[in-house]
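We did not get these values from a lab; they are worked out from the coordinates using the rules stated. The structure presented is a predicted model; accordingly, all values stated were derived computationally and were not measured. Note that we place each Cβ from the backbone using ideal geometry, even for glycine, and neighbour counts take in every protein chain shown.
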DNA sequence: TTGAAAGCGCTACCAG
DNA sequence: CTGGTAGCGCTTTCAA
């Protein structure tokens, strides 16, 4: 086994019969180097099995070609999608991704940033974990361009790419309304939860603006079993003396012909049980979901849903960062840019 | 805005009135440094807002304190779990994680490794994407310790941590048998698929070794709707003249009292519909799943399932790597170690 | 177009 | 316990 040290540019230059400066020029794109020497250098590189040393290069050029990505500690699918898209976009730009999860508590978060800065990352992409953590601390500590990405964006000192949940919700409600829905309910959103309350409000607002009724926010666990349970309750409260002979759903004595679920799991459980209970979906009642959980699946969908654009968000975040890196090379000159993307409506067989 | 360059060790040393060598010693753990000078240095560091330069340090010490992680391009939950656990374990060891996804094709895969080696990572953790890709190429190209982690492990030149699927399957079948099951079927596993065929074989082998019957591998899409469809077919083929008055399930004229599903989604759909069809689960038929998809959920489970230990696998992979880094500092001395972990059986209300 | 040389910031060796 | 100093491997002026 060859235990000698790795070949360096000196070795390459020597072997090619050129100066180390010339060898370096060839590596960095062969500008202003004669074809003959360039060829000689490339041959030497191949012969020696030379490998460029990114560490030495970084020390000298003060650029590590590296970006730090800070994520919250969720083990959910969408994070995978975000990581992968960020990674791909960075790859295209020839940058490496250093990953770090933010620990609990603000202090640790600052520490996380510090350690990335010690590594001399050229930039930072931060996915805000919660509304409690102060992003300002991060922005203050960072001496490099920072881009925030995610559902909640804080402060306005940094570039960011966010999600327009409300617009998407409106899209969903509009689609159901276009399909003939006049009265809505939600299933699986809890008014007690801060984020859920906002979603309920968004649905209600959409209903109001369209002149359709919002009947109720029905509680349920945000999983398949929750949808099943909710469906059973709905089936039990059907009114045989109702206008359509009991085919329709009734809540609090009011007809409901459209149901917005917290996510696909809930919707799946709901739809499955409703159909078994002889409620036709989407004919008697339309069902849709606010949150797609099936990443990368085909377009032949059962449940109408909103697909959150995490891949696009990752790409956008990298684009903003590259932009910042290119223009100033290290500061936050100019105003912060904010990119907002909206989930995409995927129509399935659960709505018209 | 302070546009001067970042303070260096020279600045720190100067300000503390010590040599740069002493300042460096303080940074690296204050060994053999008098308390007074140590304090002075730490004060200078704080005053100046000095940040250790990991790049320069790495160049000089020939250790980047960095590990490369290569992943396949799946956007599934388990990868999140793996990444997070690897990240946490590396964090504890003070190492940074450089993430990279393997591109399509073997050549690109080698390129991926090369770029990580250019970055001078101290070690490599590789999650094999498919059985087609030659891990040997990676092992050959790598001049640093490599650990493989995942479902499929290739070659035996490197340390690895794998998954004992068969043992786990046997555990699951055994649990159902202990609950009184005498005849099994699978739902959602396709004999045409290579990996699925192996799983079916494992179930069958377990049945054989226990003297219980394996009746059939029922096809179904490996999603909720597949389970629903399978359940409807099963309900339709019930035999009212059967031994238990039609309460039991029958396939090809043979009673089935235990069903092993491809995953939780299928099982959920199956159980939900069976119960609505007045088949008692687990009393008339027990149901279990080979693959848990709900990471990090509570223990009050509906479906009995196998939880794959991705977090533990990540930890183990890092442990092996640290070990290799510690002992030789760069080679594959000694035989390759292989750690095998088994999924954990999570009992739910769908089995006895 | 080319080469010589000066460092990037740090660690580690050696002498005191 | 401390300080001087020689590089780690590369990029980048500056002259030629």
Would you mind telling me the antiparallel percentage of the DSSP bridges in the protein assembly as shown, rounded to 5?
-> 15 percent
Give the angle, between 0 and 90 degrees and rounded to the nearest 10, that separates the Cα long axis of helix A:77-92 from the longest principal axis of the Cα atoms of chain A.
-> 30 degrees
Using only alpha carbon pairs under 8 Å that are at least six residues apart, calculate the relative contact order of region B:9-52 and give it in whole percent.
-> 42 percent
Neighbour-count order for A:15, A:151, fewest beta carbons within 10 angstrom listed first = A:151, A:15
Take every residue in peptide A:48-61, count the Cβ atoms of other chains within 10 Å of its Cβ, and give the average of those counts.
-> 5
Once both labels are modelled 7 Å past Cα along the beta-carbon direction, what's the residue B:233-residue A:103 spacing in nm?
-> 5.3 nm
Acute angle (nearest 10 degrees) that the helix B:35-48 long axis makes with the longest principal axis of chain B, alpha-carbon atoms = 80 degrees
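Can you give the extra length, in nm with one decimal, that the chain gains between residue A:63 and residue A:164 once fully stretched, where that is 0.36 nm per residue apart less the Cα-Cα distance? Provide the component values of the computation, followed by the final result.
Numbers: separation 101, 0.36 × 101 = 36.36 nm, distance 3.45 nm.
In short, 32.9 nm is gained.
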Along Cα→Cβ at 7 Å, what distances in nm separate the residue B:323 label point from those on the other copies, shortest first?
-> 4.9
For residue A:252, label point 7 Å along C-beta direction: distances to other copies, nm = 5.5
Shielding by partners for A:96-102, please: the mean number of other protein chain Cβ atoms within 10 Å of each residue's Cβ.
-> 6
State whether region B:165-307 is rounded, prolate or oblate according to the following rule on the C-alpha gyration tensor (a ≥ b ≥ c being the square roots of its eigenvalues): a/c under 1.5 gives rounded; otherwise a/b larger than b/c gives prolate, and the remaining case gives oblate.
-> rounded
Divide by every residue of chain A the summed helix terms, -39500 (n - 2.57) for each DSSP H run of at least 4, and state the resulting mean residue ellipticity at 222 nm, rounded to the nearest 500 deg cm²/dmol.
-> -13500 deg cm²/dmol
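Between residue B:208 and residue B:43, what is 0.36 nm times their sequence separation minus the Cα-Cα distance? Round to one decimal in nm.
Details: separation 165, 0.36 × 165 = 59.40 nm, distance 7.17 nm.
Extra length from residue B:208 to residue B:43 when fully extended: 52.2 nm.
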Mind checking the angle between helix B:194-210 and chain B's longest principal axis? C-alpha axes, 0 to 90 degrees, to the nearest 10.
-> 60 degrees
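Give me B:127, A:261 sorted ascending by neighbouring Cβ count inside 10 Å, so fewest comes first. Don't jump to the answer; show the numbers that get you there.
On the way: B:127 26, A:261 32.
So the ranking, lowest neighbour count to highest, is B:127, A:261.
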Relative to the other copies, what are the label-point distances for residue B:198, with labels 7 Å from Cα along the C-beta vector, expressed in nm at one decimal and sorted shortest first?
-> 4.4
